[in-house]
Amino acid sequence: MAKVTLVEAITLAHNWEMSHDPDVLVLGQDVGRNGGVFRATQGLQEKFGNQRVIDTPLAEGMIAGLCVGMAAQGLKPVAEIQFMGFIYPAMDQIVNHMTRLRNRTRGRLTCPVVIRTPHGGGIHSPEHHSESVESMFCHIPGLRVVCPSSPARAYGLLLAAIREPDPVLFLEPVRIYRYARQEVEDNGQALPLDVCYVLREGTDCTIVTWGAMTVESLKAAEELARQGISAEVIDLATISPIDAETILDSVARTGRLVIVHEAARNVGVGAEIAAIVAEHGLYDLEAPIQRVTGYDTIVPLARLEHDYAPSVARIVAAVRATLS
Amino acid sequence: MSKKTAAIDIAEATRLEMYRSQYRLREAEQRAFDLFLQNLVKGTSHLSLGQEAIAAGFATAMQPGDLTFCTYRGHAHTLARGVSVEKVLGELMSRDNGLMRGKGGSMHLTSVEHGVMGSYAIIGAHLCIACGAAWRAQYQGKSDVTTCFFGDGTTNIGAFHEALNFAVIWKLPVVFVCENNLYMEYTPIKDVTAVAQPAADRASAYGLERILIDGNDADVVYQTAQKAYARARAGEGPSLIECLTYRHSGHSRADPAKYRPKGELEKWKESDPVKTYRARLLAQGIKASVLDEIERVVKAEVDAAEVACKASPLPPDEIMFTDVYADGGCAWRN
């Protein structure tokens, strides 16, 4: 078993699935010869050739459209969009076709596509290179939105995403691409989609988060433990559909909920989670729900980026507020 | 523009098939229009009346297994691949006997078993999707060719250029067919396009031959299609073909087409593809009785389709919740 980073786990998952399923293709700008801007597809073109690892033109709408045509014909394309802020030209294909072909053709045409893209900031790059606009995609019926937060989950969830018969937007938390190494057994074992992963059990407050914010949330839970407060940390992992059951069960035990996400607050996924708990778990709550989020502004330049994203201090303060 | 009508080197059976196809498209769409007037077709729809030679000519030149991608103006292309009139009219009427049992509607006709890989109502998108389908053929070493039909308005959107560029780079087996009916919905295409021929004049930008043909002449369309398909099957790459034509009706059912100058429609009706083709066949020595019999059989199919569609039940309301995800529904969101 090898100790790998999150981005290396992504490469391993590609390699496994391409080795075992000739229908799996990889495409995107710079994914072949260069191995991707973050090296997530490194070595794949050398191994599988340029017809299976396709260096496309810089044209995200074309990349997504190719995926629709390939997938409707039985292939399983895995596309990389270089940064999440570059994904908007692909929106037409994702919204109007990729996620609707199944519905309008009553299942005769389907789109088993994975679109991978880096998610979030923290790499000293503003705006387009640091976006976390998952809520825009969670609004689209027919789409799954997935975000791993560790090498093992990146490996297992990407395999599951590729094998999923519906399209999946696979968000890769860029800041923790190389944050930590973890032992990952390269055995082709997928992890379940559509469920949360409990990263730390606790009794006083539930923290729900995903992506790179799991790191801050776990650090906050450590700090809270030192202060005598027991926080449960849940990694949402599949952002859409939301595994409401795990969240509601946790809130029923802790009575408190803090939602942490990097994306701007207004109509963020946190609002949906809060609504679910308000609809189905209101009487379990001992205190108002707190959201710790990015601000409703543009992701700023490097000097300010750490003030934009939720910090350990802000998460600790929010949990303490639910207990006050 | 090629004006030659050297039809005599096309087999008689093929010419009769192209007449049958054009006549059938005309009859089926006129019946669709009658059904609108009876308020039996809900929502919008877009007819190809006057443009039948393109659908018939290309479909006749295709082989089984070839793929068709079309726009929201897709009834003719769907029918031309052999889909029954009943299945198409049923879909327009949202009936349970429709192609997708009343879920896709006029703008999304799809019949996988006939190679009709969908109608796409967002301009330009399906050119990129067609490239993906053609990629699969090339990747798997198959000999099928993908044909992608679109209107003149499509030539000004980015996806048109992205798709042409990609198809040429990889020499994909795809044929792009621009049906230039002179109007981008309600606006003359010449008023909003930098070049005179919106598709043909762009071909050189992608290293492609400039091909501009009379889209109202099924023989010319057929022969052009044959050449493009032979080129694609030989691994020589895509073609871009601009077909000049004219729609006899408005853009959609709600459009009386009053923006067109007086006399323009009448002038184009002189080259009505169905009528001129019939006259040509007669001049070539085909007996009128042969054509009459073709027409009788087509009319019988359309009549029977109307009866069957009117008798077909509506699909259950529950279809709204089906086929959103692979599990068959969308339960977790509702």
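The values are calculated or read from the model by the stated rules, or taken from the named source; none is laboratory data. A quick note: this is a predicted structure, and the numbers were derived from the prediction, not measured. So basically every Cβ, Gly included, is an ideal-geometry build from the backbone, and we count neighbours across all protein chains shown. Areas reflect the complete protein model, heavy atoms only, side chains present, ligands, DNA and RNA absent. Shrake-Rupley method; radii C 1.70, N 1.55, O 1.52, S 1.80 Å.
Below is a table of values for the structure above.
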item	result
Anchor A:Lys47: lysines whose Cα lies under 28 Å away (excluding residues fewer than 8 positions away in-chain)	A:Lys3, A:Lys76, B:Lys142, B:Lys171
Value of [θ]222 nm, deg cm²/dmol, for chain A, DSSP H segments ≥ 4, -39500 (n - 2.57) each, nearest 500	-10000 deg cm²/dmol
Extension gain from B:Gln226 to B:Ser289, taking 0.36 nm per residue of separation minus the Cα-Cα distance	19.8 nm
Percentage of interatomic Cα-Cα distances in the range A:2-184 larger than 25 Å	26
For a label point 7 Å along the Cα-to-beta-carbon line of B:Lys262, residues of the range B:169-187 with backbone N under 13 Å	none
Using a Förster distance of 41 Å, the FRET efficiency for A:Ala278-A:His124 (Cβ separation, nearest 0.05)	0.65
Restricting the range B:140-176 to chymotrypsin sites (Phe, Trp or Tyr not before Pro) in coil, as DSSP defines it, with at most 13 other Cβ within 10 Å	none
Of the trypsin sites (Lys or Arg not before Pro) in the range B:262-334, those whose Cβ has at most 13 other Cβ within 10 Å and which sit in DSSP loop	B:Lys262, B:Lys287
For the range A:107-231, accessible area per residue (1.4 Å probe, heavy atoms of protein chains only), Å²	34
Part-to-part distance (alpha-carbon centres) for the range B:62-133 and the range B:255-334, which is given in Å	12
The range A:197-323 - Rg (one decimal) and Dmax (whole number), Cα, Å	13.5, 43
Accessible carbon and sulfur surface of the range A:197-323 relative to its total accessible area, %, 1.4 Å	51
Alpha carbon Rg of the range B:217-285, scaled by the compact-globule rule 2.2 N^0.38 Å	1.50
Helix-only CD estimate at 222 nm, as mean residue ellipticity for chain B, using -39500 (n - 2.57) per DSSP H run (n ≥ 4)	-13000 deg cm²/dmol
Virtual paramagnetic centre 7 Å along Cα→Cβ of A:Leu301, amide N under 19 Å, in the range A:126-144	A:126-131
Net charge of Cβ neighbours under 13 Å - reference A:Arg320; Lys, Arg +1; Asp, Glu -1	+1
Surrounding net charge for A:Gly255, when Lys and Arg each add one and Asp and Glu each subtract one, Cβ distance under 10 Å	-1
Cα-based reach from B:Lys87 at 16 Å (exclusive), listing aspartates and glutamates while leaving out same-chain residues under 8 positions away	B:Glu27, B:Glu29, B:Asp96, B:Glu113, B:Glu301, B:Asp303, B:Glu306
Backbone HN-Hα couplings from phi across the range A:228-233 [Karplus 6.51/-1.76/1.60, Hz, Gly and Pro as x]	x, 10, 9, 9, 9, 10
Calculated FRET value between B:Tyr186 and B:Gln30, using beta carbons and R₀ = 35 Å, to 0.05	0.95
Relative contact order (percent, whole number), the range A:2-184, Cα cutoff 8 Å, 6+ residue spacing	27
Prolate/oblate/rounded label for chain B (Cα gyration tensor, a/c 1.5)	rounded
Relative contact order of chain B, pairs being alpha-carbon contacts under 8 Å that are 6 or more residues apart, as %	23
Lysines whose Cα lies under 27 Å from that of B:Lys190, excluding same-chain neighbours fewer than 8 positions away	B:Lys3, B:Lys4, B:Lys258, B:Lys262, B:Lys267, B:Lys269
Where N is the number of residues in the protein assembly as shown, Cα Rg divided by 2.2 N^0.38 Å	1.08
Length added when fully stretched, B:Ile169-B:Ala304, from 0.36 nm per residue minus Cα-Cα	43.8 nm
GluC sites (Glu not before Pro) lying in DSSP loop within the range B:126-210, provided at most 16 other Cβ fall within 10 Å	B:Glu185, B:Glu209
Carbon/sulfur fraction of accessible area - chain B, other protein chains in place, 1.4 Å, %	55
Over chain A, relative contact order from alpha-carbon pairs under 8 Å, at least 6 apart, %	17
Residues in the range A:84-118 that, when all protein chains are in place, have 50 Å² or more less accessible area than the chain alone would give (probe 1.4 Å)	A:His97, A:Arg102, A:Asn103, A:Arg104, A:Arg106, A:Arg108, A:Leu109
Total accessible surface hidden between B and A, rounded to 100 Å², 1.4 Å probe	3500
